[in-house]
1. Out of everything in the range 62-75 that is closer than 18 Å to ASN34 by Cα and among the aliphatic types (A, V, I, L, M), what residue ends up being surrounded by the most Cβ atoms within 10 Å (Cβ to Cβ)?
2. Go through the residues of the range 20-27 one by one and say whether even a single one is under 22 Å from ILE70 (Cα atoms), β-branched (Val, Ile, Thr) and open to solvent by 60 Å² or more (accessible area, probe 1.4 Å).
3. Specify the residue that is modelled with the lowest pLDDT; the eligible residues are those in the range 41-61 that are part of a loop (DSSP other than H, G, I, E, B) and open to solvent by less than 60 Å² (accessible area, probe 1.4 Å).
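The values are calculated or read from the model by the stated rules, or taken from the named source; none is laboratory data. The model shown is predicted, which means the values in this text are computed figures rather than measured ones. Glycine gets a Cβ as well: all are built from the backbone with ideal geometry, and neighbour counts include every protein chain shown. Accessible surface areas use protein heavy atoms only, side chains included; no ligands, DNA or RNA. Shrake-Rupley method; radii C 1.70, N 1.55, O 1.52, S 1.80 Å.
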Amino acid sequence: MSIGTTIFNPKLLVPRRSKNILRRERLIDLLHDNVQSRIQVLSAPTGYGKTTLLTNFAQDLSAPVCWYTIDNTDEDPR
């Protein structure tokens, strides 16, 4: 790989925000109110909108965001 080559990895991109999705303002405000915390944990069953909530929150922030999407390939320790 040469210097200046960009590696495109979709696991590192914040998902696009859909215009047809309901914004959960109370939860987004709660995340904003605690943004100074070292860690915030968001836990809910599959399909409850965790990714949508965090996508809305990340796109509202003026600070840099680090995003990593975990999938089955992350189970392999190699």
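1. Ranking the qualifying residues of the range 62-75, first place goes to VAL65.
2. Initially, the range 20-27 is screened for residues under 22 Å from ILE70 (Cα atoms), giving none.
The answer is no; no qualifying residue exists.
3. In this case the residue turns out to be LEU61.
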